[in-house]
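Input: a single structure, listed below in structure tokens.
Please treat every number below as a calculation from the coordinates, not as lab data. This is a predicted model, so every value here is computed, not measured. Using ideal geometry, Cβ is built from the backbone for each residue, glycine included, and neighbour counts are taken over all protein chains shown.
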Amino acid sequence: MFMEIVSNLSNQIEIAATKISYFLVLIFPFLDKYLTNHPENIMIIVGFGGQGLFAARFLIQWITSESAKKSVIPIAFWYFSITGGMVLLTYAIWRKDPVIIAGQSVGILIYARNLYFIHKEKKL
């Protein structure tokens with residue numbers, strides 16, 4: 001049942017990637033040889049984009065901590081975490097990889113919960 005859902009979602013992601021490929025080729029014709037017969041390249045870019053967002057959270061945390069001269073986790077860390085996690089989850093679903101799907105799903109819940117606590121505290 002789970003893998004049927006993942007397979008259906010993967011197919012929907014593949015369709016979206018193909019449409020994005022066609023759109024990008026219309027705007028940037030020089031991409032034709034990279035995308036027209038290889039729309040999966042869009043998903044490779046999505047995967048690297050997710051990794052980039054996920055890695056950026058550590059740079060943000062490091063820079064903030066260096067400025068404060070102590071360990072600090074800024075709110076941007078959690079936003080980059082949840083955004084990177086959602087992009088990587090999309091990539092994992094496209095790949096039909098249950099290990100990455102499970103890891104990113106749990107992570108996204110934790111990041112969302114931390115953002116909930118942060119915003120709840122600000123309201124008080």
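Summary table below
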| read-out | value |
| --- | --- |
| Residue-averaged 222 nm ellipticity for the chain, from DSSP H runs of 4+ at -39500 (n - 2.57), nearest 500 | -29500 deg cm²/dmol |
| 5 angstrom amide H check on residue 72, placed H, neighbours 5+ away | 65 |
| Debye intensity ratio I(q)/I(0), log10, the stretch 2-98, q values 0.25 Å⁻¹ (C-alpha model) | -1.14 |
| Cα-centre dipole for the chain with unit charges at Cβ (Lys and Arg positive, Asp and Glu negative), debye to 20 | 560 debye |
| The chain: most fluctuating residue of 81, 65, 21 per GNM, C-alpha cutoff 10 Å | 65 |
